[in-house]
Amino acid sequence: MTFKTLLTSALALGLSVMAANAQDYSFRFQSSDPAGNPNFEFQQGWTETLKEMSGGNIVVELLPVGSIVDYKETQDAVGAGIIDGHITDTSYFAGKDPAFGLIANPVGAWSDPSEMIDFVENGGGAELMNELLNPYGLEFIGVSTPGLEAFVSKVPLDGVADLQGLKVRNPEGLIANVFRAAGAAPVNLPASEVYTSLDKGVIDAADYSVFSVNQEVGMNDVATHPVYPGFHSLPLIEISMNKAKWDGLPEDVQQMFKASIKEFQQTQVNALKERDLAAIEAAKAKGEVTIHDWPAEERAKFRGIARGEWEKVASQSEMAQKVYDSLNAYLESKGLIK
């Protein structure tokens with residue numbers, strides 16, 4: 001069923017129904033993750049936390065990716081009231097405004113999830129998210145992340161200089177542009193071809209996933225010089241709701257949403273970090289992996305190179321410029337960039 005068909009029949013279908021009792025609330029959210037995915041399971045935990053906090057009065061039905069609309073259509077569906085909210089990677093909507101892509105994953109900006117979360121919650125990021133989302137009929141409620149990706153490499157990488165001439169798998173777009181600016185030679189490959197391409201020497205390194213996933217799928221077996229913590233990619237996952245419905249909620253219900261999302265955020269971040277640390281111990285036990293942790297000055301150097309590419313994105317829209325300015329001010333205030 002297409003988005004347009006859903007839009008015209010949303011009221012008849014009754015996809016989002018407020019319970020008859022004014023103190024009971026029922027919502028339907030769609031995730032950008034599939035059922036069974038670890039991140040989806042954490043998100044389901046959020047709905048249980050919210051239900052428990054409210055004594056059972058607030059119920060969110062969380063649907064896996066594609067249940068009602070395509071993952072790139074959830075923003076429109078939430079704004080139209082077809083679904084009440086979504087949990088999704090903000091970068092999926094960069095086609096509407098490049099600011100969505102820049103705030104969602106400013107490549108090279110973050111060396112830990114806590115940095116991105118602090119930017120959103122205390123550095124102006126939440127206000128920017130609402131300035132971006134409100135015109136589309138959405139209200140930003142909170143943020144989480146599946147974590148900072150490790151970097152897969154067959155050769156030792158101890159800083160920016162080691163990226164020169166490196167054949168690295170990167171998706172097209174900002175991330176490939178940043179690595180190219182840093183002297184690497186980006187190669188666009190589907191995820192399904194990364195392992196064999198590393199094994200056969202088609203590429204030297206790869207932007208793939210977090211350390212635990214890389215370990216599980218054998219990346220570290222063929223590329224024994226991973227960089228951890230990573231230095232390049234950390235996605236912003238937004239939890240947003242239809243703005244009219246959000247504005248109509250009592251303050252205590254809004255506060256329960258925010259408090260439960262904060263608990264979900266910390267549960268996800270901490271659990272995934274523990275999973276990474278366990279995977280590191282497993283990799284070390286094999287005795288074949290050398291883990292490289294870039295010093296702060298090398299991370300700052302890469303961030304400085306990345307800033308040149310952020311600036312190009314900033315020139316593409318008024319909101320992208322606002323994101324760029326706010327991001328730079330925050331990073332400078334924390335001494336993360338000069």
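Remind me, what semi-axes does the stretch 138-222 give for its equivalent ellipsoid, largest first in whole Å, using sqrt of 5 times each Cα gyration tensor eigenvalue? Walk me through the numbers before you get to the answer.
Working: eigenvalues 108, 59, 32 Å².
Equivalent ellipsoid semi-axes, largest first: 23, 17, 13 Å.
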| query | So, by mean Cβ neighbours within 10 angstrom, what's the order for 83-90, 25-32, 327-334 with the highest one leading? | reply | 83-90, 25-32, 327-334
| task | Calculate, in nm to one decimal, what A271 and V202 gain on full extension: separation in residues at 0.36 nm each, minus their alpha carbon distance. | result | 21.4 nm
| said: What distance in nm lies between label points placed 7 Å from Cα along the C-beta direction at R180 and E332? | reply: 2.8 nm
| query | Roughly to the nearest percent, how much of the accessible area of the stretch 28-76 is carbon and sulfur, given a 1.4 Å probe? | reply | 42 percent
| Of V323, S212, F231, which is farthest on the positive side of the dipole of the stretch 209-338, counting Cα position, with +1 on Lys and Arg Cβ, -1 on Asp and Glu Cβ, and the Cα centre as origin? | V323
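Using a probe radius of 1.4 Å on heavy atoms only, what accessible surface per residue do you get for the chain? Whole Å² is fine. Can you show the working numbers first?
Numbers: 14110 Å² over 338 residues.
Ligands and nucleic acids excluded, the figure is 42 Å² per residue.
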| query | Say each of K72 and D252 gets a label point 7 Å from the Cα, pointing the same way as Cα to Cβ; how far apart are those two points in nm? | reply | 4.4 nm
| message | I want to check the label-to-label distance for D221 and M53. Put each point 7 Å from Cα in the C-beta direction and report it in nm to one decimal. | response | 4.2 nm
| task | State, in angstrom, two size descriptors of the stretch 246-290 derived from its alpha carbons: Rg to one decimal place and Dmax to the nearest whole number. | result | 18.7, 58
| request: Can you find, among F302, V202, I83, the residue farthest towards the positive end of the dipole of the chain? Put +1 on the C-beta of Lys and Arg, -1 on that of Asp and Glu. | output: V202
| query | Using θ = phi - 60° and the Karplus form 6.51 cos²θ - 1.76 cosθ + 1.60, what ³J(HN,Hα) does each residue of the stretch 332-338 get, whole Hz, x for Gly and Pro? | reply | 5, 5, 9, x, 8, 8, 9
| said: Past the 22 angstrom mark, what percentage of all C-alpha to C-alpha distances in the stretch 155-301 do you count? | reply: 51 percent
| request: With only Lys, Arg, Asp and Glu charged, each at its Cβ (+1 for the first two, -1 for the last two), find how big the charge dipole of the chain is about the Cα centre; round to the nearest 20 debye. | output: 560 debye
| note | A correct Karplus calculation of ³J(HN,Hα) over the stretch 47-63, with 6.51 cos²θ - 1.76 cosθ + 1.60, θ = phi - 60°, whole Hz and x for Gly and Pro, returns 4, 6, 4, 4, 4, 5, 4, 8, x, x, 8, 10, 10, 10, 8, 9, 9
| remark: Stokes-Einstein D for the chain (25 °C, 0.890 mPa s, Kirkwood Rh from Cα pairs), in µm²/s, comes to 117 µm²/s
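How big is the antiparallel share of DSSP beta bridges in the chain, given as a percent to the nearest 5? Intermediate values should be presented prior to the final figure.
Numbers: 15 of 30 bridges.
Taking every DSSP beta bridge with both residues in the chain, the antiparallel ones total about 50 percent.
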| task | Work out the P(r) tail for the stretch 47-173: percent of alpha carbon pairs separated by more than 27 Å, whole number. | result | 34 percent
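Subtracting the Cα-Cα distance from 0.36 nm times the residue separation, let me have the gained length for S317 to N37 in nm, one decimal. Spell out each step's value before the answer.
On the way: separation 280, 0.36 × 280 = 100.80 nm, distance 3.45 nm.
Contour length minus Cα-Cα distance gives 97.3 nm.
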| task | With unit charges on the beta carbon (Lys/Arg positive, Asp/Glu negative), name the residue among Q266, T290, Q44 whose Cα is farthest towards the positive pole of the charge dipole of the chain. | result | T290
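Can you give the FRET efficiency to the nearest 0.05 for A282 and E131, using r as the Cβ-Cβ distance and R₀ = 41 Å?
In this case the efficiency is close to 0.40.
The values are calculated or read from the model by the stated rules, or taken from the named source; none is laboratory data. Quick caveat, the model's predicted, so the values are computed rather than measured. FYI the Cβ positions are ideal-geometry reconstructions off the backbone, even for glycines, and counts take in every protein chain you see. Only protein heavy atoms, including side chains, enter the accessible area calculation; ligands, DNA and RNA are left aside. Shrake-Rupley method; radii C 1.70, N 1.55, O 1.52, S 1.80 Å.
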